[in-house]
Each structure stands twice: as C-alpha cells, then as structure tokens.
Amino acid sequence: MTAFATRLGAAVAAPFALLARAIDLPLRGWQRLTGMGGMAAVFLAPNLAIFGVFVLIPLALNFAYSMTGGTDILLPDRPFVGADQYARLLDCADYSRAVTCREDAFWTAARNTAVFVVFQVSLMVAVSMITALILNRKIAGRGFFRAVFFFPVLLSPVVVGLIWRWILQRQGLLNLIVVNLGFDPQVWLNDRLYAFAAAVGVSTWAHMGFYTLILLAGLQAIPRDLYEAAEMDGTKPGRVFRRITLPLLGPNLAVVLVLALIRSVQIFDEAYVLTGGGPGTSTLFLTQYIYETGFASLLRNPGLAAAASILMAGVLVVLTLAQLALSRRAERR
Amino acid sequence: MTRIAFHALGFAALLAAPAAAQEQVRIMWYSDGNEGAVMQDLLDRFEEEHPEIDVVLDTVAYQVVQEQLPIQLASGEGPDIARVTNALKTDAEHWLDLRPYLNDAAYWDDNFGPYLDWMREDGSDAIPGFPTQLTLTGGFANKTLFEQAGVEMPGEGATWDDWIEASAQVMQDQQLPAAFAIDRTGHRVSAPMFSYGAIYRAEDGSPAPIDDNAMRFAEELVGWTDEGLMLPEVWVSASGTTYRAATEDFTNALVPFYYSGSWQVANLSQQIGDAFDWVAVGSPCGEAGCTGIPGGAGLVAVKYTDQPEAVATVMDYLASEEVLREFSERTLFIPAHVGLAEAGLDYQSEDSQVPPALDAFVASSSQILPEAAAMPGWLWSPAYYGAIVTRISQVMAGELTLEEARPLIDRDIADQVAAAQQ
C-alpha cells in the first residue's frame with residue numbers, strides 16, 4: 001500500500017517535476033544575471049500582475065473617471081473636466097456645517113463616517129480584546145464559545161442587516177421584550193442616536209469574531225513562563241496585563257487596528273440594509289454616498305462618485321500609514 | 001474511405017444542424033408577482049410554434065435591471081430584449097427600432113402609440129417595444145379597519161385632508177401606529193403634488209423651480225409625519241433616494257390607508273388573502289384634481305442584438321392582442337394596449353376584491369392631469385423625484401426646515417441636469 005502510494009505520488013508529481021526542471025535552467029541564468037534581487041522580482045511577478053490587474057489598473061481608471069463629467073458610463077464617452085469634481089466636493093462655505101457645502105451629502109457622510117470609525121474601532125478593539133482574554137482562559141465549553149463568537153463572521157452582511165432590522169423594527173423582538181417588561185415600545189431605527197448606535201453595535205457584533213481570533217492567536221503565542229514568573233512574584237493581574245500581555249500583543253493589536261479601521265471606513269452593506277442611511281442622513285456613510293451617486297441614481301454621476309472614492313482612499317492611506325508609524329514607534333520603545 | 005468520410009460528414013452536419021438553424025433570443029426579466037411564470041408559459045408556446053427560435057427568459061432581481069443593465073448597454077452588450085421601468089426613457093438610445101422588422105407596424109402604432117414616447121428619444125418615431133402593463137398610482141384602504149372603527153370611508157372626490165382625517169380616526173379607535181403611509185419615492189409623492197397644482201416642467205421642457213403648490217403638499221406631509229399620522233418608518237428612517245414601500249405595513253393592518261399603485265393589486269390579494277377586506281380608492285383630490293401618475297414597465301428590444309428579425313418575431317408574438325390579453329388577465333395587469341382597454345378584460349382571480357380594485361384604477365385613469373401624464377416621457381422626472389424624496393425626508397428627520405429644503409431641491413435638480421448635459 002505504501003509502495004503504491006509512493007508510486008502514485010511520484011506519478012502525480014512527475015509533470016510538475018518536469019516543469020520545474022524545464023524552468024530551472026533559465027532561472028539559473030536569470031539569477032546569475034540579476035542576483036537574488038532579480039529572483040525575488042521573478043517570484044513576485046505573478047502576484048504583482050494579479051494585483052496590477054485587479055487593484056492598480058482599476059485605481060488608475062477610477063482616478064481617470066474622477067477627472068471626467070457627464071452621465072455616460074464608458075470612459076471614452078465622458079468629457080474631461082479636470083479637477084471640477086474634486087472642487088465640487090470640497091466647495092464649502094463653512095466646513096462645520098454640511099448644509100453650506102455644495103455636496104452636503106458628501107460632507108454629512110464624511111462626518112458620520114469619522115464618528116462611526118472612532119466609536120466602532122474603539123468598541124471593536126475593546127470587545128475583541130476582552131473576548132480574546134476570556135476565551136484564552138481555561139473555561140468550560142471554550143471551543144463552543146470560540147465557535148459562537150466567530151459564527152457571525154460567516155454570515156453575509158446583508159443577512160446580518162436583515163436579522164437586526166427584524167429585531168429592532170416596531171414589531172420586532174426587542175420591542176416584544178420591552179413591552180413584556182412593562183415599557184412603551186420604541187421605533188429604534190427612527191431615532192438618530194439609537195440608529196447610529198445600532199449601526200456601530202451591529203457591525204461590531206458581525207466582525208468581532210475575526211479580530212478576536214487574531215488576538216487569541218497572539219495571546220497563545222505569549223510564552224507561559226512569563227506569566228508563571230509574574231505569578232511567583234505576586235504581580236497583580238492588571239499589571240501583568242499592562243506589562244506583559246499588552247506589549248507582547250502589540251503586533252497583533254496593530255494588525256487588528258489597521259484592519260478594523262479600513263473595514264470601518266468602508267462600512268456599507270449591513271448598515272445600508274439596517275438603516276438605509278436614516279433617519280434623515282444620520283447613518284449615511286461615505287460608501288453609501290458613493291454607491292448612490294455612481295450607481296443607484298437613474299441620472300448617475302460616476303465622475304463625482306469616483307472623486308469621492310479617491311478622497312476616501314487618500315484619507316485611508318494617511319490613517320493607515322500614521323497608525324503603522326505609531327505602532328512601530330511603540331514597538332521600538 | 002470515401003464512404004466513411006461521407007458518413008462522418010453527415011453525422012457532423014446532423015450535430016451542427018440544430019445549432020445552425022436555431023437562433024437564441026435572451027430576455028432579461030424581473031418579476032413583482034406571477035408575471036415571470038406567465039411569461040415563461042407564453043414563451044413555451046411560442047417555441048412550439050417557432051422551433052427555429054430558442055427564447056431564454058433570464059429572471060433577475062429588479063436591481064440588476066436598474067444597475068447592471070445600463071453598464072451592459074453602455075458597453076454595446078446586453079440581452080436581446082429587456083423588461084425595464086424607470087430607465088425606459090433615459091436609456092432610449094440603446095433600444096432597437098423594430099419598425100422595419102415588424103409584421104404590421106401600424107398595429108403597434110395604433111395600439112401602443114400613446115405610450116411609445118415613454119421609451120424612445122424625443123422626436124423619434126421608433127418602435128422600441130411595448131409596455132407590458134400600465135400602472136397608475138393610487139390609494140388602498142383597509143375596509144375592515146374602517147368598519148371596526150365605525151368611520152365612514154371618504155367617497156368619490158374626497159381630498160387628501162378628508163382621507164387623512166378619516167384615517168386618523170381609525171388609527172385612534174383601533175390603536176394603530178399610524179393613519180397612513182406613502183411609499184418612499186418621489187414618484188409616489190408627486191401625484192398629490194400635481195393634485196395640489198404643482199408644475200414640474202418649464203415651458204422649454206426643462207425642470208422648473210419647485211413651486212408653491214408642491215411645497216404646500218410637502219408642508220402637509222411633513223406636518224402629518226410630525227403629528228404621527230404618517231408612518232415614520234417608511235420615509236424618515238432612510239436617506240437619499242433609498243426606495244421603501246409600505247406594502248408590509250398595509251398588509252399587516254398597521255395603517256388603514258396606503259398610497260401606492262395599481263401594480264400592488266395582485267400582491268395585496270396574495271398577501272392579504274381573506275385576512276381583511278380592502279379596496280382601491282383611486283387618488284385623493286387637491287385643488288387642481290385627483291390625479292395619479294401613470295407609468296409602467298416596458299419590454300424593449302436592445303439594438304446590440306445579432307438577430308433583429310428573430311427578436312421582432314418574439315416581440316410580434318408577445319405584443320399580439322391575444323397573447324397580451326392572456327398575459328394581462330393572468331397577471332392582473334392593466335394593459336397599455338388601446339384595443340384591449342376598449343374591449344375590456346376578464347381578470348382571472350378567485351379573490352372577489354381584485355376586479356373592483358382594478359376597475360377603480362381604470363376609473364381613476366380618467367382623472368390623470370396633463371402634468372402627471374407627461375412624467376413617464378419626461379427625461380428629467382428622475383432628477384425631480386430624487387431631489388424631492390431626499391430633501392423632504394431630511395425635513396421630516398429634523399435636519400432641515402422646509403425653507404432650507406426648497407432651494408436645495410432646486411439646486412439638486414439643476415446639478416443633475418448639468419451633469420447629464422456635460
């Protein structure tokens with residue numbers, strides 16, 4: 001059986017071995033010519049090609065779209081308008097009052113997104129960290145709870161939005177509980193504060209399992225002997241957390257922060273299904289603004305939508321770089 | 001050897017024959033109710049009569065028609081035929097003029113003539129397709145709730161105020177969350193605005209600034225929302241042009257009065273069943289009239305098709321009086337076909353509430369004001385609808401006052417027109 005398996009493995013591997021031998025010679029020649037740096041370029045080339053086709057070229061096209069006007073969809077049909085779309089987006093009499101801006105919906109969406117990011121990322125990191133710390137302890141049913149917390153990550157964001165909408169609507173589950181407790185029912189999603197809180201809470205609930213997993217992996221990588229030494233020294237749990245857990249979890253925490261931040265700025269699907277951007281424009285976020293401007297309207301404006309997405313990408317890049325720089329500085333300390 | 005080659009050639013020809021002889025026509029279709037199943041049944045019969053044409057009905061979500069079809073069309077791609085609603089006029093440049101391919105173009109002009117401008121460019125005499133149904137906005141009342149509350153339903157000629165007042169009494173008596181609901185779209189709310197005397201079009205056909213009559217109804221609507229008479233979930237709890245229907249609120253008997261349109265008849269019949277009695281009541285009146293807004297979905301041929309003759313054959317079949325009669329009777333749609341409208345239809349429904357509801361909409365169609373009648377064929381109606389729903393919702397949510405909203409509505413419309421004309 002083992003001999004058969006070996007022969008089968010060799011047969012399956014034969015074409016690949018043949019291919020490897022065929023490219024071995026040219027690769028050796030290339031390495032002699034360009035050194036190790038050249039080899040790295042060769043191995044990175046396929047990924048770079050995919051990245052170029054699916055990320056860089058669309059990014060360049062998006063930028064090109066942002067310099068055009070009209071409602072035509074194809075780029076060659078669209079007139080060049082230079083930076084007009086950016087000027088329109090940034091045209092504001094008073095930046096603290098969105099209604100004084102030419103594209104007030106953009107500024108409202110930008111402000112909402114900024115507030116959302118602050119609350120959602122803070123809540124996400126805090127909840128994920130607490131959950132990871134609990135799940136890292138030897139508690140009964142640990143495997144079950146790890147699965148339970150990760151389960152919402154597997155759900156489609158649209159399903160998440162719908163489930164919570166059914167819970168929060170006038171005749172929803174939450175009001176059933178509220179009424180049974182003797183209180184008046186509320187139209188939760190009609191209240192600006194509750195609707196915004198619901199958007200923050202639901203998106204945290206939906207994604208925290210993923211970040212918990214990253215932090216849990218980091219916690220499990222921390223050597224146990226450090227905790228044992230701290231225990232022998234009689235160090236208080238809070239100090240252990242500050243002096244051992246937090247510093248050693250730094251790289252994982254940085255990853256969580258960057259990913260949560262990017263995801264938070266891009267908030268769309270579950271919030272759109274849950275609140276539709278309302279009440280009024282209190283949960284209108286940038287991605288919804290871009291989607292509605294570029295696609296949902298009959299008189300669509302792809303140029304304006306592209307310009308808004310370029311501005312959003314610019315802010316994201318700056319935030320990510322700043323966050324990475326801060327984490328590196330913290331690591332060096 | 002020659003014999004073998006001969007047989008092989010014959011076999012190859014046999015294999016290739018059906019593929020070569022049969023042309024495939026693809027239809028992009030969306031369904032609100034049972035019309036997809038009815039259409040498939042009709043197409044199956046067409047294929048029996050025309051084995052040389054294979055018709056594939058690609059049923060997609062309405063959003064696909066709204067968001068993906070325009071991109072396909074802009075790339076010179078797309079299905080051979082598509083069922084379209086809002087974009088009939090805005091995407092008119094992509095439709096095929098079937099006139100040269102039709103068996104009897106005069107039949108199309110005679111029967112679909114009043115509606116062809118909705119789907120062709122201004123000034124054109126093309127025949128791009130035909131409307132699968134005529135729709136008209138209008139109201140529905142929960143008769144059972146009115147009876148239980150002991151409130152008399154307003155009769156013919158009743159105004160919006162009459163309906164809201166009566167519905168408010170029902171709401172209070174039956175302890176309902178609201179008196180009425182209107183679908184969250186500028187299209188639906190424009191009907192009462194026209195009844196109040198609003199004019200959207202300037203003399204040159206461009207959008208006019210929103211007038212006092214439209215703002216007067218907007219003020220009433222905002223007031224009714226503030227007073228808790230209009231169900232806030234539909235309009236307040238969404239932003240921008242997000243569409244929200246209040247159908248579920250009506251079918252769950254949360255509101256006694258619901259303003260939507262004729263396309264809901266089959267849906268209401270199916271959803272409500274015998275849970276309560278309901279009636280269609282046409283459009284309540286304002287000072288200028290009691291108008292609804294006509295509209296409808298159209299089946300249009302796409303000009304990028306490779307087989308216009310086959311497409312025309314399919315369209316000739318589907319637009320024929322006999323087939324369209326069956327389609328309308330089984331789907332409970334009001335036909336946009338002059339001959340059928342004159343001859344009348346025998347709607348196939350076991351629900352006794354359906355025929356009177358359809359009759360009410362047919363009767364209501366005689367009260368359509370010219371401004372409302374012009375909307376389906378007016379290029380800038382989407383700009384107007386979008387601006388109205390966006391800004392009035394903000395007023396309802398307390399983000400703007402009506403005075404602040406008015407210039408913003410005009411600016412939004414002007415921006416959209418300017419962008420479209422670049």
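Conditions tested, residue by residue: (1) open to solvent by 40 Å² or more (accessible area, probe 1.4 Å); (2) within 14 Å of another protein chain (Cβ to nearest Cβ); (3) in contact with a strand residue (DSSP E or B) (Cβ under 6 Å, 6 or more places away or on another chain); (4) not aromatic (Phe, Trp, Tyr).
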{"residue": "B:Ala87", "(1), (2), (3), (4)": "no, yes, no, yes"}
{"residue": "B:Thr132", "(1), (2), (3), (4)": "no, no, yes, yes"}
{"residue": "B:Thr137", "(1), (2), (3), (4)": "no, no, yes, yes"}
{"residue": "B:Thr159", "(1), (2), (3), (4)": "yes, no, yes, yes"}
{"residue": "B:Ser167", "(1), (2), (3), (4)": "no, no, yes, yes"}
{"residue": "B:Val170", "(1), (2), (3), (4)": "no, no, no, yes"}
{"residue": "B:Asp173", "(1), (2), (3), (4)": "yes, no, no, yes"}
{"residue": "B:Ala179", "(1), (2), (3), (4)": "no, no, no, yes"}
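Among the residues making up the stretch B:384-411, a single one is of a type in the set (A, V, I, L, M), touching a Pro at 6+ places or on another chain (Cβ under 8 Å) and part of a helix (DSSP H, G or I): B:Met396. Can you name every residue in the stretch B:412-422 that is in a helix (DSSP H, G or I) and at the interface with another protein chain (Cβ under 7 Å from one of its Cβ atoms)? Selection gives B:Gln416, B:Ala419, B:Ala420. The conditions of being closer than 24 Å to B:Asp109 by Cα, assigned by TED's automatic domain parsing to the domain that holds B:Trp160 and modelled with pLDDT of 90 or more are met by B:Ala373.
The listed residues are B:Ala387, B:Ala372, and the only one of them that is of a type in the set (Gly, Ala, Ser), in contact with an Asp or Glu (Cβ under 6 Å, 6 or more places away or on another chain) and open to solvent by less than 20 Å² (accessible area, probe 1.4 Å) turns out to be B:Ala387.
Here A:Gly69 clears all of (1) at the interface with another protein chain (Cβ under 8 Å from one of its Cβ atoms); (2) more than 22 Å from A:Phe106 (Cα to Cα) except the condition numbered (2). Taken together, the criteria place A:Ser309 among residues that are within 30 Å of B:Ala405 (Cα to Cα), more than 15 Å from the chain's Cα centre (by Cα) and in a helix (DSSP H, G or I). Scanning the stretch B:89-99 for residues that are surrounded by fewer than 19 Cβ atoms within 10 Å (Cβ to Cβ) and either under 17 Å from B:Ser320 (Cα atoms) or of a type in the set (A, V, I, L, M) (or both) gives a single hit, B:Arg99.
The selection criterion, being free of Cβ contacts under 8 Å to residues at least 24 places away in the same chain and either away from every other protein chain (no Cβ under 14 Å) or in a helix (DSSP H, G or I) (or both), holds for A:Ile163.
Screening A:Tyr272 against (1) open to solvent by 30 Å² or more (accessible area, probe 1.4 Å); (2) away from chain B (no Cβ under 14 Å); (3) modelled with pLDDT of 90 or more leaves a single unmet condition, (2). Looking across the stretch B:215-241, the residues that are touching a strand residue (DSSP E or B) at 6+ places or on another chain (Cβ under 7 Å) and within 14 Å of chain A (Cβ to nearest Cβ) come down to B:Met230, B:Leu231, B:Val234, B:Trp235, B:Ala238. Among the residues making up the stretch A:69-128, a single one is assigned to a helix (DSSP H, G or I), among the basic types (Lys, Arg) and without any contact (Cβ under 8 Å) to a residue 40 or more places away in the chain: A:Arg111. For the stretch B:47-75, filtering for residues that are within 10 Å of another protein chain (Cβ to nearest Cβ) and modelled with pLDDT under 90 leaves 8.
Restricted to helices (runs of 4 or more DSSP H) entirely inside the stretch B:206-265, those with at least 2 residues that are without any contact (Cβ under 8 Å) to a residue 40 or more places away in the chain and open to solvent by 10 Å² or more (accessible area, probe 1.4 Å) are B:212-226, B:247-251.
The values are calculated or read from the model by the stated rules, or taken from the named source; none is laboratory data. Predicted model only: the values in this text are computed from it and were never measured. All Cβ positions, even for glycine, are placed from backbone atoms using ideal geometry, and neighbour counts span all protein chains on display. What goes into the accessible areas is simple: the full protein's heavy atoms, side chains included, and nothing from ligands, DNA or RNA. Shrake-Rupley method; radii C 1.70, N 1.55, O 1.52, S 1.80 Å.
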